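Before any comments, here is the structure.
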Amino acid sequence: MSERIGIVAVAQTKYQKSRPDVRESELVYEVVEKLLTETGLRFTDDGTGIDAAVTCSHDHWDGVTISSWPIADVTGGHLRPEEKVAEDGIFAAYYAFIQILSGHYDVVLVTAHTKESQTSKNLIENSSFDPVYHQMLGLDYTMCAALQAKRYMYKYGITEEQCARVVVKNKKNACKNPNAQEPAELEIGDVLSSRPLAYPIRYLDKKPTSDGACAMILAREEKAKKLTDRPVWIEGVGSCYEGYYIGDRELGDCENLIKAAKSAYRMAGISDPKKEIGVFEISEEYSYQELLWTEGLGLCDKGRGGTLIESGATALDGEIPVNPSGGLLSGVPTNVAGLSRVAEAVIQLQGKGGDRQVSARKALAQGMCGPCGQLQCVMVLGI
Amino acid sequence: MLLFPGKIIMDYSHAAGRVGSRFLAELKKSKRLLAIRCRTCNRVYIPPRLTCKTCFHNMEDWIELDGRGTLLTYTTVYYGEPVLDREAPTTYGIIRLDGADTGLVHFLNEVKQQDLRVGLRLEPVFKNERNGNILDIKYFRPIKSG
């Protein structure tokens, strides 16, 4: 990269089970307003403010076709450029990064929002499957996650207790995050005795229903340095897809995440992520995913994700803290999920983590979309 | 705060395409499970689709599978989901059919929870009244010995 692109400010709502007090646009404005206040920026056409916006939301979730229209007025989309991605918020950040790298814009706003409380997650997820072969089976992402969890456990001897440790760790970390929806002090037994949803996944193994929004401002180096004394640079990004038909995939591994991570590491010049990156904020919608994704990110060998968490290395005070924020298991909406991982990575590198602050000069954020992490994105950030 | 009810109801006519149509027609007519093979990499796909995702060639070689296969993974779902009019619990599996290189997702039945295991040998049970869709396979069950 000839010039660095920085994240200058991030904002999140408090994540909550339901926000009946706000419409989508009002929810998004909560985070946009925080950014405008913090940076003093305004939406302008003359290169002195925010040049453009990239947003992430989903038509089905919002119940309107072209779900970015209702939020256009609060994202500077009135007679100005606004583009939407409908996968995960981390891809909106990726898109904004590319817009600035292209030379077209200097300062770009990124937002993501979802109010999961307003409709049926099962139906939305089911409609993403092949209408000819799969929709009629009633599949949703929780069922597919259970199929992946079972395959992963079978292949490598991962235990339900090791998965439960992820829930215990992340919900405990969430107690130190004022934005977290469902912090808790739990024992492994609490997780294992919560009601079964889809064997081997239980109620506490799954991310709860959540409403919320996240936003950030990206800027070209020269402007980033003027906007904040603590810019966080995007040093590497990589993404990788996997096949549409779930039966085509080896669910016990995550080859797409391995490739996405390698691509991001190559761009960032990382050769040993475990030594060079100090904090990891990753997308575990289900407990087993944190174990499997740590393998995919190269923090341990294949099949060793369970041993890794048992070692304490991924705890808040471990050598490679994973999800000091409390992760998605503590409650973050879909679409917002990956962008909130980036935001939490920025918070850590800016030293604004409060009680959850760890020591790091480089951080990794991972986002995903689709059943069993079908589409993966990895972003390496540094100061 | 006021909650304003909304609903999206859309009817679609999804084309099964020429490959999907043949698969579903054979399933309906004769309870035959057809897979499709790529001539370049020899990979055998079920459910069949037109294009090999590895070689980017359209496929034409149809192969009839006998329907028996091996369980790759499974889950028992304890909540009722709104798509199907069925009562929980429901067991799903991904089955590697003999002669195929991909797994088929479907229901499992006639098997006790304690007997479920990866590697279980399975066979399909078909509906008597078939409509030309994936539910013409009623479910897979353990192969009866003998």
* To do: Quick one: compute the contact order of chain A, relative version, from alpha carbon pairs under 8 angstrom and 6+ residues apart, as a percent.
  => 25
* Relative contact order of chain B, defined on C-alpha pairs under 8 angstrom at six or more residues apart (%) -> 20
* As computed over segment A:73-226, the Cα convex hull volume per residue (Å³) -> 200
* Output the Cα-based Rg and Dmax of segment A:28-105 in Å, rounding Rg to one decimal and Dmax to a whole number. => 12.6, 36
* To do: Can you grab the distance from the C-alpha centre of segment B:68-141 to the C-alpha centre of segment A:265-297, Å, no decimals?
  => 34
* Asked: Rounded to the nearest 500, what is chain A's calculated 222 nm mean residue ellipticity when only DSSP H runs of at least 4 contribute -39500 (n - 2.57) each, over all residues?
  -> -10000 deg cm²/dmol
* Asked: Residue farthest toward the positive end of the dipole of the protein assembly as shown, with Cβ of Lys/Arg at +1 and Asp/Glu at -1: which of A:A96, B:T75, A:G326?
  -> B:T75
* Structure fact -> Per residue of A:191-203, other chain Cβ atoms within 10 Å number on average 3
* Could you tally the net charge around A:S57, taking each other residue with its Cβ under 9 Å from the Cβ of A:S57, Lys/Arg +1 and Asp/Glu -1? => -2
* How high is the relative contact order of segment A:114-228, in percent, counting Cα pairs under 8 Å that sit 6 or more residues apart? -> 27
* Which residue, A:G89, A:G305, A:G327, tops the fluctuation ranking in a GNM of chain A built on C-alpha contacts under 10 Å? -> A:G305
* Which residue, A:L137, A:L27, A:L101, has the most motion in a Gaussian network model of chain A that connects Cα atoms within less than 10 Å? -> A:L137
* Which order results if A:S102, A:S193 are arranged by neighbouring Cβ count within 10 Å, fewest first? -> A:S102, A:S193
* Hey, got the average number of other protein chain Cβ atoms within 10 angstrom for residues in A:136-147? -> 6
* Asked: Can you pull the mean other chain C-beta count within 10 Å for peptide A:90-99?
  -> 0
* In terms of the Cα gyration tensor, with a ≥ b ≥ c the square roots of its eigenvalues, is segment A:90-132 rounded because a/c is under 1.5, prolate because a/b exceeds b/c, or oblate? -> oblate
* With the Cα gyration tensor of segment A:233-355 giving a ≥ b ≥ c as the square roots of its eigenvalues, does the rule (a/c under 1.5 for rounded; else a/b larger than b/c for prolate; else oblate) give rounded, prolate or oblate? -> rounded
* Compare the peptides A:361-373, B:18-30 by average per-residue count of other Cβ atoms within 10 angstrom and give them in order, highest first. => A:361-373, B:18-30
* Asked: How large is log10 I(q)/I(0) at q = 0.06, 0.14 Å⁻¹ when the Debye formula is applied to the Cα atoms of chain A, each weighted equally and without solvent?
  -> -0.20, -1.18
* lysines with Cα under 19 Å of B:K138, excluding same-chain neighbours fewer than 8 positions away -> B:K28, B:K29, B:K31, B:K112, B:K127
* Asked: After finding the eigenvalues of the alpha carbon gyration tensor for segment B:17-142, what semi-axes result from the square roots of 5 times each, listed largest first in whole Å?
  -> 26, 17, 13
* To do: Under 19 Å Cα to Cα from A:K155, which lysines show up? Leave out anything in the same chain fewer than 8 places away.
  => A:K302
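All of the numbers you see were taken from the coordinates with simple rules; none came from a lab. The structure presented is a predicted model; accordingly, all values stated were derived computationally and were not measured. Because the Cβ atoms are built from the backbone with ideal geometry, glycine has one as well, and the counts that use them run over all protein chains shown.
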